[in-house]
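Report on the structure given below.
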Amino acid sequence: MPYGIIMVRWDDKLGVVVEGMHPKTLKISEDHIMRIFTTHAI
């Protein structure tokens with residue numbers, strides 16, 4: 001069962017930028033966000 005959902009985009013200067021998440025109280029580290037993004041990009 002998933003804990004939530006996040007939407008991210010890539011910014012050339014900032015890297016991965018979180019656009020939105022549900023629930024708003026979802027706690028996820030920048031390291032995990034980068035790992036998820038990289039895995040899906042490959």
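Roughly what angle does helix 30-41 make with the longest principal axis of the chain, taking Cα atoms, 0 to 90 degrees, to the nearest 10? Roughly 70 degrees, rounded to the nearest 10.
With +1 on the Cβ of every Lys and Arg and -1 on the Cβ of every Asp and Glu, and nothing else charged, how large is the dipole of the chain about its Cα centre, in debye rounded to the nearest 20? Spell out each step's value before the answer.
On the way: 5 positive and 5 negative charges, 29 e Å.
Roughly 140 debye, rounded to the nearest 20.
With the helix formula -39500 (n - 2.57) applied to DSSP H stretches of n ≥ 4, the chain reaches a computed 222 nm mean residue ellipticity of -9000 deg cm²/dmol.
Every number in this text was worked out from the coordinates using simple rules, so none of it is lab data. Remember, it's a predicted structure, so these values are computed and weren't measured experimentally. Backbone-built Cβ (ideal geometry, glycine too); neighbour counts: all protein chains shown.
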